[in-house]
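Undergrad: This is the structure I have questions about; it appears just below.
The values are calculated or read from the model by the stated rules, or taken from the named source; none is laboratory data. Everything numeric in this text was worked out from a predicted model, so none of it was measured. Cβ coordinates were reconstructed from backbone atoms using ideal geometry, including for glycine residues, and neighbour counts include every protein chain displayed. With ligands, DNA and RNA removed, areas are computed over all heavy atoms of the protein, side chains included. Shrake-Rupley method; radii C 1.70, N 1.55, O 1.52, S 1.80 Å.
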Amino acid sequence: MCTILKVRWTINPRIAPEPWIACSGCGGLKPFRSSGKIRLNANGKKLDAWLVYKCSVCDKTWNRTLFERQTVRGLAPAALEALQTNDIRWIRAQEFDLDALRRKAQHIEEFTDAHVQKEVLGETDGWTMLEIELVVTLAYSARLDRLLASELGLSRSRLQALYRSGKLQIHPDRADAMRRRVKDSTRIVIDLADQADWHSAGLAARL
Ligand SMILES: [Zn+2]
């Protein structure tokens, strides 16, 4: 019989990545943080949009171009509506768009501080297997072993030992998966049957 506690963890990073940009205010490369504000400019039938960043040292503004000289018809309707309503979710998606940021800056600073929202998807009495499904929709740079250690209250060396012995499985698995950054739709299955503190790990997994 399979006795399992199944949970879903949704990772919500607290701080957006910060591109390092040459600051015309205080000089030299400095990390710029998003203000969360969009500037939209209409030029005849053409639109320009920027996401406004501020130098984290001197507050100098840097306007990150999202698009230029776009026709209203050429824009995805969802993007147009998001721009007009200052849709926070859409803006957040732009803030975490690492590919777009890399086209503007050589160095992007990322942060691992996140709120992890936990839900129980299913539980059988006397469970001994813990299954965690990860939802990571925004770029998140923490290593998998660090996330599991901090959220389950288990040491990284113990998690590594469980992984090596096959009692912790990662789907899909990749070389050195425990040390790589957390990926969306990863499932982690841990057999806690022989672990004396399975109960506290189970509690941490759902709270
Ligand atoms: Zn500056």
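Undergrad: Would you mind calculating the relative contact order of the range 18-109 from Cα pairs under 8 angstrom and at least 6 residues apart, reporting the percent as a whole number?
TA: Relative contact order of the range 18-109: 29 percent.
Undergrad: With all protein chains present, calculate the accessible area of Val52 using a 1.4 Å probe and round the result to the nearest 10 Å².
TA: Approximately 20 Å² for this residue.
Undergrad: Using helices alone, I'd like the mean residue ellipticity at 222 nm for the chain: each DSSP H run of four-plus residues gives -39500 (n - 2.57), total over residue count, nearest 500.
TA: -6500 deg cm²/dmol
Undergrad: Right, here's the next one. Could you put Cys23, Cys58, Cys2 in order of accessible surface area, largest first, with the 1.4 Å probe and the full protein assembly present?
TA: Descending accessible area places them as Cys2, Cys58, Cys23.
Undergrad: While we're looking at this one, here's another question. Suppose the chain between Lys46 and Ser155 were pulled fully straight at 0.36 nm per residue; how much longer would it get relative to their current alpha carbon spacing?
TA: Separation in residues times 0.36 nm, less the Cα-Cα distance, equals 33.7 nm.
Undergrad: Would you kindly state how much longer the chain becomes between Gln169 and Leu98 on full extension, computed as 0.36 nm times their sequence separation minus their alpha carbon distance, in nm to one decimal?
TA: 22.7 nm is the gain from fully extending Gln169 to Leu98.
Undergrad: What's the local net charge at Glu119, with K and R +1, D and E -1, over the other residues with C-beta under 14 Å away?
TA: Overall, the nearby charge balance is 0.
Undergrad: Now a separate question. What percent does the relative contact order of the chain come to when contacts are Cα pairs within less than 8 Å and at least six residues apart?
TA: Computed value for the chain: 27 percent relative contact order.
Undergrad: To continue, here is another question. Positive end of the dipole of the range 116-155, charges at C-beta (+1 Lys, Arg; -1 Asp, Glu), about the Cα centre: which of Gly153, Leu121, Tyr140 has its Cα farthest in that direction?
TA: Going by the charge dipole, the pick is Tyr140.
Undergrad: Among the lysines, which fall within straight-line cross-link reach of Lys118, defined as a Cα-Cα distance under 23 Å, with same-chain neighbours fewer than 8 residues apart omitted?
TA: Lys6, Lys167, Lys183
Undergrad: How long are the three semi-axes of the equivalent ellipsoid for the chain, computed from the Cα gyration tensor as the root of 5 times each eigenvalue, in whole Å, largest first?
TA: Over the Cα atoms of the chain, the semi-axes work out to 42, 20, 13 Å.
Undergrad: Would you look at the GNM of the chain, springs on alpha carbons closer than 10 Å, and say which of Gly122, Gly166, Gly74 moves the most?
TA: Largest GNM mean-square fluctuation: Gly74.
Undergrad: Considering the zone a paramagnetic label at Arg206 would reach in this model (a point 7 Å from Cα along the Cα-to-Cβ line), which residues of the range 8-26 have amide N under 13 Å from it?
TA: Flagged as within label range: 8.
Undergrad: Choose one of Leu66, Ser24, Leu101: the residue whose Cα lies farthest towards the positive end of the charge dipole of the chain (beta-carbon charges +1 Lys, Arg; -1 Asp, Glu; about the Cα centre).
TA: Ser24
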